[in-house]
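Student: My structure is below; once you've seen it, I'll send some questions.
The values are calculated or read from the model by the stated rules, or taken from the named source; none is laboratory data. Since the model is a prediction, treat every value here as computed from it, not as a measurement. As a convention, Cβ positions derive from the backbone with ideal geometry for all residues, glycine included, and neighbour counts pool all protein chains shown.
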Amino acid sequence: MDRKMLAVLALVMALASGCDWIRAKLDMPTSEDIAKKKELIAQKEAAEKAAAAVADSLVASDSTVQQVSPESVPFKPEVQKPEPTASGLDITPHSNLDKTYYIIVGAFKTDELVKASLKQHEGILETPFAFSGNGLKYVAIGGYATLEEARAALYQAHQKVPEAWVWKKK
């Protein structure tokens, strides 16, 4: 009688707690692994929603700002071709940066990364150019006099470079 009771008790325990144990033995995800994955997915979705909200806020217009359509903004290079530096990298002098707003596609510490970014972002809006500040080298694909023009250009740039952002010169 005791053996039958132990067998039934062991069977009940195996059924109640054996699912994760069996999954672990078969190298399948356990309930703990699945919970972690769900949490990572939720965090990723929250981050994507936050990024979308930031992008929407850049495209949205203030009540005091005139609405500009992306099609009405001219995209002509207006920055002079910079002179190469000793390292061979074209860095635009601050005196040539006559606009207030710039579309930035990257900020780097090394010349090699800047050169790669300049080559990668050719033909998106304007001819990409680089300038330095705050210890970094920024790669820009356009300069604009007003925030409205910059927002319209950013909207167009986000089609090919989602990580682009607007930088305001002080």
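Student: Taking I103 as the residue in question, decide whether it is assigned by TED's automatic domain parsing to the domain that holds H158, of a type in the set (A, V, I, L, M) and at pLDDT below 85.
Tutor: Numbers: assigned by TED's automatic domain parsing to the domain that holds H158: yes; of a type in the set (A, V, I, L, M): yes; at pLDDT below 85: no.
The answer is no for I103.
Student: Name the residues in the stretch 22-48 that are hydroxyl-bearing (S, T, Y) and in a helix (DSSP H, G or I), would you?
Tutor: Our first condition is that a residue be hydroxyl-bearing (S, T, Y); within the stretch 22-48, this holds for 30-31.
Matches in the stretch 22-48: S31 only.
Student: Test L58 against the criterion of being modelled with pLDDT of 50 or more, part of a helix (DSSP H, G or I), surrounded by 10 or more Cβ atoms within 10 Å (Cβ to Cβ) and in contact with a helix residue (DSSP H, G or I) (Cβ under 7 Å, 6 or more places away or on another chain), and give yes or no. Give the derivation first.
Tutor: Details: modelled with pLDDT of 50 or more: yes; part of a helix (DSSP H, G or I): yes; surrounded by 10 or more Cβ atoms within 10 Å (Cβ to Cβ): yes; in contact with a helix residue (DSSP H, G or I) (Cβ under 7 Å, 6 or more places away or on another chain): yes.
Yes; evaluated as a whole, the condition is true for this residue.
Student: Within the stretch 151-170, count every residue that is of a type in the set (A, V, I, L, M) and either in a loop (DSSP other than H, G, I, E, B) or surrounded by fewer than 16 Cβ atoms within 10 Å (Cβ to Cβ) (or both). Reasoning before the result, please.
Tutor: Start the filter on the stretch 151-170 by keeping residues that are of a type in the set (A, V, I, L, M), which leaves 152-154, 157, 161, 164, 166.
Imposing the further condition that a residue be either in a loop (DSSP other than H, G, I, E, B) or surrounded by fewer than 16 Cβ atoms within 10 Å (Cβ to Cβ) (or both) reduces the set to 161, 164.
Of the residues in the stretch 151-170, 2 are of a type in the set (A, V, I, L, M) and either in a loop (DSSP other than H, G, I, E, B) or surrounded by fewer than 16 Cβ atoms within 10 Å (Cβ to Cβ) (or both).
Student: Also, I was wondering about something else. So is G123 of a type outside the set (D, E, K, R) and in a strand (DSSP E or B) or not? Steps first, please.
Tutor: Working: of a type outside the set (D, E, K, R): yes; in a strand (DSSP E or B): no.
Here the answer is no, as G123 does not meet what is asked.
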